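Following: one structure in structure tokens, then a few remarks.
The values are calculated or read from the model by the stated rules, or taken from the named source; none is laboratory data. This is a predicted model, so every value here is computed, not measured. In this analysis, Cβ positions are derived from the backbone assuming ideal geometry, glycine residues included, and neighbour counts consider all displayed protein chains.
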Amino acid sequence: MAAATQSVRPETFRLAGLRRLFGSQEAVLLGVILLLFVVVGGINPRFLAERNLESILLGNAYVAVAAIGMSMVIVSGNIDISVGSLIGVLATVSGSLAVAGAPIIVSWLAPIGVSVLVMLVIGFMVAYLRIPSIVVTLGMLSILKGGLISATGGKWISNLPPGYNLAQNDLLGVPLPIYFMVGLTAGAAVWMRYSAAGRAIYAVGGNAEAARLSGISRERTLMMVFAIHGVFVGIAAILFATQLSIIQSTVPPNLELSIITASVVGGVSILGGTGTAIGSTLAAVLIAAIGSSLIFVGISPYWLRAVQGTLILLTVLADLMRRRRRAVRR
Amino acid sequence: MQQESAGGTAGIAPAPGAPLVLELADISKSFPGVQALKAVRFDMRAGEVHALLGENGAGKSTLIKIVSGVHRPDQGSIRIDGHEVAFGSPLEAQRAGIATIYQELLLFPELTVAENIFMGHAPRNRFGIDWPRMRAQARALLASLDIHDLDVNQVVGTLSVGNRQRVEIAKALSQNARILIMDEPTAALTERDVERLFAIVRLLRARGVGIVYISHRLEEIFLLADRVTVFRDGEYVATKQVRDTDRDDLIQMMVGRRIDALFPKFEVPIGEPVLELRNIVRKPATGGVSLTLRAGEIVGLAGLVGSGRSELAQVVFGITPADSGEIRLGGHAVIIRNPAQAKRLGIAYVPEDRGTQGLVRPMQLKENVSLAVLARVSKRTFIDRAAEAALAATSIQKFGIRASGIGQVVNKLSGGNQQKVVLSKWLASGPKVLILDEPTRGIDVGAKAEIHRLMSELAGQGIAILMISSELTEIMGMSDRILVMREGRIVADFARAAATQEAIAAAMMSSAGPMALAS
Amino acid sequence: MILAAALIVLALQSEQFLTVDNLLNQGRLMTEIGLVALPMTFVIVTGGIDLSVGSIMGLCAIVLGYSWKNLGLPLEGAIVVALATGTAAGFVNGWFITRVKVPPLIMTLASLALYRGLAEGISQAHSVRGYPEWFFVLGQGDVMGVPTQLWLLLLAIVIAWTVLARTIFGRALYAIGHNETAARFSGLPVDRYKTAIYTFSGFMAGLAGFIFVSRVSTTRSDMGTGLELDVIAAVVLGGTSIFGGVGTIAGTTIGFVLIQLLKNGLALTGVKGDATIVVIGTVLILSILITNFVQARRAGER
């Protein structure tokens, strides 16, 4: 009477794994990047010049790093639109410290501490006071932006001490920021996938009720997420600040949008519960590449934001479709 | 009717000396307005499948929630292995070895099988989660349940319902559950999944796990359970060895009760057909339903939870469109695409869940009453406060609503009065067809009688009423005709005089289910 | 109440504050925020949000300038096209939110980027100048001593208040905000109403864009940046709950008036323009905290 069951051969498991890999968002992104390079390189070979490729990666490494933290925030079901202003503030803090004579290492580490502090405040309001993160970070965005301008009076910081420009250094011929980008991405990806705390983020973002019944505290997990996000933002700010010999008092416009786009297009569902660090980094690279390619193809770079907006919309729609199809199937 | 002895080890109870792992004594629990359990008892031995049987509202789910730590009993004791326990939370019950598998599975669709099984208690090493060990243990668990075709790395969201249920069972086992509660586990399963579930249940029983099995499918109880306990109206009726009882006996225990003269449905001339449904299909809940409703008639629609009654009502009301079939109103075919249209056509639906579907709780009584007929209390889109107030005042009087005034926030009203507000809202729209979904659920006896009286009056005014109810006495007392729905279809049609509770219950749970042919 | 106290302090600090001239001028300046805050109240009352209003304002300003200067449309026509663009942009938001069921936060975040991007792309960062005299009447002129746009704002306030407080539509919005399911089950045309409010929001953003261009005499693609902050802060300050179901036009009006006066007061006491957004941001967060707190206490009393 026992139901006839057979062991499924192990090969089938491996095939299923491969299929999942190729169908994943990350693979799609990689494919699109390659496609972009081929197409744009075909139209204008100068696009593929090493100098240009290097500047694409280098100039945007900090966006990718910030997107890692943002991905975690979005996976947990929240969002942070103040990150651009925060980076601006942190960069200025860092530069001011350096110019004021503090040890270089302090001017690199102090901003990270500030960032974590700010994020803990935001996290507290979201986790314990239950204020929607969009509103908290909307308010925080203006506080930071306004605070920065009034504090600096719009002046740029120059006269940075020698040795300060961390981002300009190379190690074995590869610029440091690239190490940060790749290393942090890998580390974050592994941590989110394989550690208990990392999984908790997915659980809280996916089904907070079930998470609670499994003993996971939403409040503590959210505080942790925002704190870690703070670390990544801090590092990104340092990379940003140490790139040039001056520190501007404003950040590139719509920086937070670039970061959020990178996360969303990278497969982090804005509805919470899925997404990886690898995806967001690949997406950051893709977006930077698109931005650069516009020039080489002869399209004005002023269309970049429209492109980003469209990308977000398309990705969200695709995500919604995917979720609905999955829910209907029984 | 003689029950055939089933194959396998079903029906052979463990030796009476097997230890009692769970004892519930004298448990009572009440919620505002309703006494869910009155001094009931229930016990369970190791290595036994103990079925819990009763109509909707008999108290089964309340009992489960008490055992799994969601509610605390008002009085009574719970003993595990002889020691008295009190659970402050579901987590505590889990740690005591009690696992519950609900109908709405609590899984994380984006995570893998192994992760779901071990969420919150994964094996660890120095660095964090010991992934290889977790996967290996997951595989071992599944193998011990004789499940060899599930990849522990597969994302749960892509699994079928049957497989997801298996993951839930494995999850329960991963926490060394000694008592497993299964609430209507076969409701959404295919035949083959049901067979595999049974195999797992028998396997667990052989291992000494105690299983509380709740199901309406009597044939399953005879195939699987050792003992069966029957609850009725929140009270304990009896516990018997399955081999000492049969289907008629169980049904009698479930529904046998005196019918008080509580339902004053008076004779009313029944007029022309007002609503006709022809072969309405809406997957997956409703498959080919046809019925006719006449003016002045009250048709009771009986059936178990999940039989598709509310879904049918919502098709008629336009909340979800039908896949196929025809609706005729007053002889003309109509297509109903949304509730606004249904309302215009004269159909009203008093929903099952008055809190989330029927009322806007933070709003006042008068605002709720006028919500469906705003056009009627307005002059060219401007709300006429006086007209609204008048409507509310009339409703309070007509329906006997006990409230402090038309401005009272409905959240504060009792269940019975809230239901009257919903009723008055819909009656203000002057419907020709009134669909009531569990109109007296969770309402005290006095308010129940009032609502029944109202229903009779409405029928007397020529309104055609379709009453969905899980209370057999209500169905029998109030209906001119009784239809029984099971698994999406109408399976029986009784005239009032010919109906008995047993016949209706039998039709609701008849053995023509997927297990009819099982070994 | 706290704000009233703060205002009194500010007023005392600068004698210019309470002059009629100054107040009227402030009225002129706050029109854009005020106009957009009205439909935003509707949106937030239903439990939604519209982050794209600033971008729509910028887009409409650009469309106005460009269809006049580059496409050669008569200025009147350009104005109509600009308003139509705003309406269409709002409609797109509403359509995606109701038909595709994209959560409002996400949809308007994406459209914030998209619409601003379109503005930047169309304008290529050039600005448009040289509007004829009559064009400035709306933005810089007076009627009977009161700035033109203020009359428009007053009219809009009256209409919006009437709709929200007295009509079926308004009542339905509150119901949707409290319990959308029950509203649907009561036969209210929920999708139609929701689409309508987002479309209205887009239209008002376009109108605000028109007035803004008229006031500052140029068109630039970065106009309206940060508008959403001011508008949402005004709405929340006015007592509208971010969770939906609660809010009034009267409250919102007080909200944006207070915010404008606050900005003005700060400016007159020497606080530089950019620092005021710090204050607004703080006001936003504090208002939500206070509203939450008050509602929680009220719910507890039940």
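Here are the numbers for the structure shown:
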{"item": "Single residue of region C:115-144 satisfying the filter (under 19 Å from the mean Cα position of the chain (by Cα) and buried (at least 23 other Cβ atoms within 10 Å of the Cβ)) that is nearest to residue C:68 (Cα to Cα)", "result": "C:119"}
{"item": "Residue within region C:104-114 that is out of contact with any Leu (no Cβ under 9 Å at 6 or more places or on another chain) and buried (at least 24 other Cβ atoms within 10 Å of the Cβ) present", "result": "no"}
{"item": "Leading residue by the ranking (farthest from residue B:348 (Cα to Cα)) among those in region B:379-407 that are within 10 Å of chain C (Cβ to nearest Cβ) and surrounded by 19 or more Cβ atoms within 10 Å (Cβ to Cβ)", "result": "B:383"}
{"item": "Of residues in region C:107-133 being outside any helix (DSSP H, G or I) and within 8 Å of chain A (Cβ to nearest Cβ), the one modelled with the highest pLDDT", "result": "C:124"}
{"item": "Residue within region B:365-373 that is among the hydroxyl-bearing types (Ser, Thr, Tyr), surrounded by 15 or more Cβ atoms within 10 Å (Cβ to Cβ) and facing chain C (nearest Cβ under 9 Å) present", "result": "yes"}
{"item": "Number of positions in region C:239-254 that are buried (at least 24 other Cβ atoms within 10 Å of the Cβ) and either modelled with pLDDT under 85 or not small (Gly, Ala, Ser) (or both)", "result": "3"}
{"item": "Where a residue in region C:64-79 is under 16 Å from residue C:134 (Cβ atoms) and without any contact (Cβ under 8 Å) to a residue 60 or more places away in the chain and its partner, wherever it lies, is surrounded by 13 or more Cβ atoms within 10 Å (Cβ to Cβ) and aromatic (Phe, Trp, Tyr), with Cβ under 9 Å and at least six apart", "result": "C:74/C:68; C:77/C:68; C:78/C:66; C:78/C:68"}
{"item": "Candidate set: region B:152-199, residues that are away from every other protein chain (no Cβ under 12 Å) and assigned to a loop (DSSP other than H, G, I, E, B); chosen: the one farthest from residue B:21 (Cα to Cα)", "result": "B:187"}
{"item": "Hey, residue B:305 out of contact with any helix residue (DSSP H, G or I) (no Cβ under 9 Å at 6 or more places or on another chain) and either part of a loop (DSSP other than H, G, I, E, B) or among the hydrophobic types (A, V, I, L, M, F, W, C) (or both) or not", "result": "yes"}
{"item": "Number of positions in region B:86-117 that are at pLDDT 85 or above and more than 29 Å from the chain's Cα centre (by Cα)", "result": "1"}
{"item": "Residue check, residue B:313 in a helix (DSSP H, G or I), aliphatic (A, V, I, L, M), under 22 Å from residue C:191 (Cβ atoms) and out of contact with any Leu (no Cβ under 9 Å at 6 or more places or on another chain)", "result": "no"}
{"item": "Evaluation of residue A:202 against (1) more than 18 Å from the chain's Cα centre (by Cα); (2) among the hydroxyl-bearing types (Ser, Thr, Tyr); (3) modelled with pLDDT under 85 (one fails), failing number", "result": "(1)"}
{"item": "Count - residues of region C:147-164 that are facing another protein chain (nearest Cβ under 9 Å) and either touching a strand residue (DSSP E or B) at 6+ places or on another chain (Cβ under 6 Å) or of a type in the set (A, V, I, L, M) (or both)", "result": "1"}
{"item": "Every residue from region C:171-223 that is over 30 Å from residue B:422 (Cα atoms), charged (D, E, K, R) and more than 9 Å from every other protein chain (Cβ to nearest Cβ)", "result": "C:215, C:220"}
{"item": "Region C:219-237, subset buried (at least 24 other Cβ atoms within 10 Å of the Cβ) and not in a helix (DSSP H, G or I), residue nearest to the chain's Cα centre (by Cα)", "result": "C:224"}
{"item": "Residue ID - farthest from residue A:140 (Cα to Cα), chosen from residues in region C:198-218 that are assigned to a helix (DSSP H, G or I) and more than 16 Å from the chain's Cα centre (by Cα)", "result": "C:214"}
{"item": "Any chance residue B:268 is of a type in the set (Val, Ile, Thr), in a loop (DSSP other than H, G, I, E, B), in contact (Cβ under 8 Å) with a residue 24 or more places away in the chain and crowded, with 18+ Cβ neighbours inside 10 Å", "result": "yes"}
{"item": "Subset of region A:268-294 (residues that are more than 30 Å from residue A:132 (Cβ to Cβ) and modelled with pLDDT under 75)", "result": "none"}
{"item": "Contacts under 8 angstrom Cβ, first residue in region C:210-231 being in contact (Cβ under 8 Å) with a residue 24 or more places away in the chain and of a type outside the set (Ser, Thr, Tyr), partner outside any helix (DSSP H, G or I) and surrounded by 23 or more Cβ atoms within 10 Å (Cβ to Cβ), 6 or more apart", "result": "C:212/C:223; C:212/C:224; C:213/C:219; C:213/C:223; C:228/C:50; C:228/C:51; C:228/C:52"}
{"item": "Residue identified as assigned to a helix (DSSP H, G or I) and over 25 Å from residue C:226 (Cβ atoms) among A:257, A:282", "result": "A:282"}
{"item": "Candidates A:118, A:182, A:114 - the one that is closer than 22 Å to residue A:229 by Cβ and buried (at least 20 other Cβ atoms within 10 Å of the Cβ)", "result": "A:118"}
{"item": "Odd one out for residue A:143, checked against (1) within 14 Å of chain C (Cβ to nearest Cβ); (2) at negative phi; (3) not in a helix (DSSP H, G or I)", "result": "(3)"}
{"item": "Verdict on residue C:95 being part of a helix (DSSP H, G or I) and more than 22 Å from the chain's Cα centre (by Cα)", "result": "no"}
{"item": "Filtered residues of region A:270-304 (kept if more than 21 Å from residue A:35 (Cα to Cα) and in contact (Cβ under 8 Å) with a residue 12 or more places away in the chain)", "result": "A:270, A:271, A:272, A:273, A:274, A:275, A:276, A:277"}
{"item": "Positions within region C:62-78 being charged (D, E, K, R) and surrounded by fewer than 13 Cβ atoms within 10 Å (Cβ to Cβ), in sequence order", "result": "C:76"}
{"item": "Condition broken by residue A:126, with the remaining ones in (1) within 13 Å of chain C (Cβ to nearest Cβ); (2) within 19 Å of the chain's Cα centre (by Cα); (3) more than 25 Å from residue C:271 (Cβ to Cβ) satisfied", "result": "(2)"}
{"item": "Wholly enclosed helices (runs of 4 or more DSSP H) of region A:164-238 bearing at least 2 residues within 14 Å of another protein chain (Cβ to nearest Cβ) and closer than 20 Å to residue A:280 by Cα", "result": "A:176-194, A:196-206"}
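Yes or no, residue by residue, for (1) surrounded by fewer than 18 Cβ atoms within 10 Å (Cβ to Cβ); (2) closer than 24 Å to residue C:106 by Cα; (3) more than 16 Å from the chain's Cα centre (by Cα):
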residue	(1), (2), (3)
A:243	no, no, yes
A:248	no, no, yes
A:281	no, yes, no
A:304	no, yes, yes
